[in-house]
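The values are calculated or read from the model by the stated rules, or taken from the named source; none is laboratory data. All of these numbers come straight from a predicted model, not from anything done at the bench. Neighbour counts run over all protein chains shown; Cβ positions are idealised from the backbone, glycine included. Each accessible area value is taken on the protein alone, full model and side chains, heavy atoms only, with ligands, DNA and RNA left out. Shrake-Rupley method; radii C 1.70, N 1.55, O 1.52, S 1.80 Å.
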Amino acid sequence: MRKTALLSVLLVLLLAGTSWAVDFDELFGGDLLVELEVDEGALAPEEALLVQDRLDLGGSYNFSLRASRTFRGDAEPEDRFRASLDSQLYLDARPDPNFRAFGKVGLGYDASGGEDAFKSKLLELFADFNYDNKVFFRAGKQNVKWGVGYFFSPADIINIGRIDPPCTFGHIEQAGEPADIINIGRIDPLDPEAEREGPVTLKVHYPKGSSNFYLYSLFDGVKELKEIALAPKLEFVVGKTEFGLGGFYRQDEPPRLMATVSSSFGEVGFFGEAVLSFGTERGFLEPRGPVYEVVERDGVFLQATAGGMYRFKDDTGRFDLAATVQYYFNGEGYRDQEGIKKVRLALLNQQLPPVVNPLKLGSVALVGSGRHYAAGALNWNRILGSKLSASLLLTANLSDQSGLIQGTLRLPAVGKITPSIGVGTNFGAPGSEFGAAGRTSQVFAAVTIGGSF
């Protein structure tokens, strides 16, 4: 009993963070109950854990070197070398339990020079506060993740309909790619875990049991009160499955409704998303005899995706495998791919496409023009217990049978130095989304120096 009482007193001292003078000889030799004078102005233990006496600063830094050789048909191989710096810095302050300020910036520098050699971007800058610990607010530029998809996330669709050059290997333009309803940045299928830029918004969050109610007000590009976008969302859990329902409305833009689901069965995780868009800002190419015309289409457009993740790890650690596969249906894509192929080839050859109203080509998305897509990744960490790790990535437009394949072997790290080598290629007919410029292959070697701090 004496030991129990002593442990109880010590636990109170640690949690309360308050200084008392205790005579341990008297504690062991006298009564077990000791009256302690508590500072009434001290924070409750749970609140003390949320308060920082000073600013928390941190971030990451990477110095990258990359050498590559690209093969295109019968042309001479092209050698490229790139040295770049990339950094993120964040500041996190929590002066009291009911207020927090957070900011994050990204900095990048391309040593090869040029007008855009140095780039800076404000990634996040927001403040958290609450009302009576029941309603929680986050005001400012923030990253918002609505979707549950990995490679494609139609529930996470705001900047589509911009025209981009045809895709070449090593770089995927994201016009027409499913993007966040909320976020400015889009998912890059070659780097799906990369952090994306968020919007300026006021988020109101009301948790109730296992459910969460949200309301987002978006202010990017707003010059009049009526231009503010509103996006409500509900999350709730049934058993082991989480569901999400939401919507997006902005004046003069197609309203959208979304639904998400994520669950698991044993070691397999499942996810799915669906979005209904009541109209679209895209332009569509339609044949008019020997030429094409950009037209607008009305109606309801569906975008949906489903996928799964699985990880296997044996007791010896020799086989640590992780696999992710995903299918995406793009209701704004073309059933017939031939017209869009001709336009890509014409642009690639620097010729004006045979279009009746070429000024409207800016509303036609050349990337994301297919109806059916698939992507998959396979990772093998610490191959056979070694310090080698490998990954294989596939992204494909099933509508025109084109895609990208990339394999990477990560070599053993030496301190903060992480080397890797890889190879990649594309496939598809001329004019297809990923094979527009013909067959292209690439081998590369890269070294990254840095880490988090």
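Here are some notes:
- The Stokes-Einstein estimate for the range 233-383, based on a Kirkwood radius over Cα pairs and taken at 10 °C with 1.306 mPa s viscosity, is a diffusion coefficient of 85 µm²/s.
- Each of the peptides 198-205, 143-150 was scored by the mean count of other Cβ atoms within 10 Å over its residues; in descending order, highest first, they stand as 143-150, 198-205.
- Each residue, TYR249 and LEU230, gets one label point 7 Å from its Cα in the Cβ direction; the gap between the two is 0.5 nm.
- Distance between the 7 Å Cα→Cβ label points at GLU293 and LYS240: 5.5 nm.
- Prolate/oblate/rounded call for the range 202-307, Cα gyration tensor, a/c under 1.5 rounded: oblate
- Overall form of the range 319-377 per C-alpha gyration tensor (a/c, 1.5; a/b vs b/c): prolate
- 5 Å binning of all Cα-Cα separations within the range 103-150, expressed as whole percents from 0 upward: 5, 15, 15, 14, 16, 13, 10, 6, 3, 2, 1
- Hz values of 3J(HN,Hα) by residue in the range 382-390 - Karplus curve (6.51, -1.76, 1.60), Gly and Pro given as x: 6, 4, 6, x, 7, 9, 8, 9, 9
- Residue-wise HN-Hα coupling along the range 108-124, computed from phi with Karplus coefficients 6.51, -1.76, 1.60 (Hz; x: Gly, Pro): x, 9, 9, 5, 6, x, x, 5, 9, 4, 9, 10, 10, 8, 7, 7, 8
- Between ASN130 and VAL300, the distance separating the two model label sites (each 7 Å from Cα on the Cα→Cβ line) works out to 3.9 nm.
- If only the Cβ of Lys and Arg carry +1 and only the Cβ of Asp and Glu carry -1, the dipole of the range 330-453 around its Cα centre is close to 320 debye.
- Near-label residues of the range 71-114 by backbone N, under 16 Å of a point 7 Å along Cα→Cβ of SER64: 80-89, 106-113
- Here r is the Cβ-Cβ distance between ARG335 and ASP314 and R0 is 56 Å; the resulting FRET efficiency, rounded to 0.05, is 0.75.
- Positive dipole terminus of the range 185-297, leading residue within LEU218, PRO207, LEU257 (C-beta point charges): PRO207
- The residues of the range 66-107 expose, per residue, 64 Å² of accessible area to a 1.4 Å probe.
- Sequence ranges 368-379, 305-316, ranked by mean other-Cβ count within 10 angstrom, highest first: 368-379, 305-316
- Contour excess over end-to-end distance, with Cα ends at VAL356 and SER217 and 0.36 nm allotted per residue: 46.1 nm
- Within the range 259-316: Cβ-based charge dipole about Cα centre, in debye rounded to nearest 20 (Lys, Arg +1; Asp, Glu -1): 40 debye
- Taken over the range 298-453, the convex hull of the Cα atoms encloses 180 Å³ per residue.
- Mean separation of Cα contacts under 8 Å, 6 or more apart, over the residue count of the range 304-453: relative contact order %: 20 percent
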